[in-house]
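Below: one structure, written as C-alpha cells.
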Amino acid sequence: MYSYEKTLLSCFKCMEDVIGQMERVFTDAAVGSHTCLSPCEVIAEKLMKMTERKINLIDVRNKVVKAFNRLDDEKRKFISYKYFGRKDKEIDEIKNTRDYFRKNNSALKAFSKILQAMGFTEENFLNSCEKYRFIMQVYEDFKEREATRNKLPSRYYKIVKSGV
C-alpha cells in the first residue's frame, strides 16, 4: 500500500544528486568526445540517451514537487518530517503516538490521491523509473516489506486452519 508513493518521497533527495551526477557525466562525455575514436553518430546517440534519462528523472522529480505543493500545510509538515528529515516541535511531541501515525497515513493518502489525479499512477511510475536502479531497489524493498507484513507467522497457521 502506497509503495510507489513512499519510494518517490524516499528517493527525492537522491534524485537531485543523481541529476547533478548525470550532468557531470554528460559534460565529461561531450568534452571528451573529440579525443574518442568512435564516430560522431555513436557519440551523439549516447549523449541523446543520457539527456533523455536526465529529462525523465527531472520530470519525475517535478511531479513529486507539484504533488507535494498541492498538499495543505499540516500534511506537508508531516511528509517533510518523515521523508525529508525536517524537524518540527509539534510533531516531536506527538511522535510514536497513535495520532502521529494516523496523521502521517492521512498525509501519504492525500499525496497519493494528488499523484493519481495528475495521472501519475503506479503503472506510469514503473514505466518512468524502471531505468533507475536506485529507485527500483527502494520500491522493491517497500513491496517486500509490505508482503512480509501481511503474512501471518507460521505459528498462526495452525490456529487459522483449525478454526479456533
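Lys/Arg Cβ at +1, Asp/Glu Cβ at -1, dipole of the chain taken about the Cα centre: which of Asn69, Cys129, Phe111 is farthest positive-ward?
Phe111
Using the Kirkwood radius over C-alpha pairs as Rh, can you work out the diffusion coefficient of the chain via Stokes-Einstein at 25 °C, viscosity 0.890 mPa s, in µm² per second?
The calculation lands on 131 µm²/s.
At a Förster distance of 25 Å, what's the computed FRET efficiency of Glu123 paired with Glu74, Cβ-Cβ distance as r, to 0.05?
About 0.25, to the nearest 0.05.
A 18 angstrom limit on the alpha carbon distance is what I want to check against. Which of Lys75/Lys95; Lys54/Lys109; Lys75/Lys143 exceed it? It would help to have the intermediate numbers written out before the result.
Values: Lys75/Lys95 15 Å; Lys54/Lys109 28 Å; Lys75/Lys143 24 Å.
From Lys75/Lys95; Lys54/Lys109; Lys75/Lys143, over 18 Å: Lys54/Lys109; Lys75/Lys143.
Sort Met136, Met15, Met48 by Cβ crowding within 10 Å, fewest neighbours at the top.
The order, fewest Cβ neighbours first, is Met48, Met136, Met15.
Which is the longest stretch in the chain that no exposed loop site breaks, taking sites as trypsin sites (Lys or Arg not before Pro) with a DSSP loop state and at most 10 other Cβ atoms within 10 Å? Could the numbers behind the result be given before it?
Details: sites that count: Lys87, Lys151.
Maximal segment without exposed cleavage sites: 1-86.
Considering only C-alpha atoms, what is the centroid distance from the stretch 1-25 to the stretch 80-96, in Å?
Using only Cα atoms to place each centre, the spacing works out to 21 Å.
Round to the nearest 10 and give me the degree value, 0 to 90, for the angle of helix 98-117's Cα axis relative to the longest principal axis of the chain.
40 degrees
No lab work stands behind these numbers, since they all come straight from the coordinates. Please read all numbers here as calculations on a predicted model, not as lab measurements. Virtual Cβ from ideal backbone geometry, glycine too; neighbours counted across all protein chains shown.
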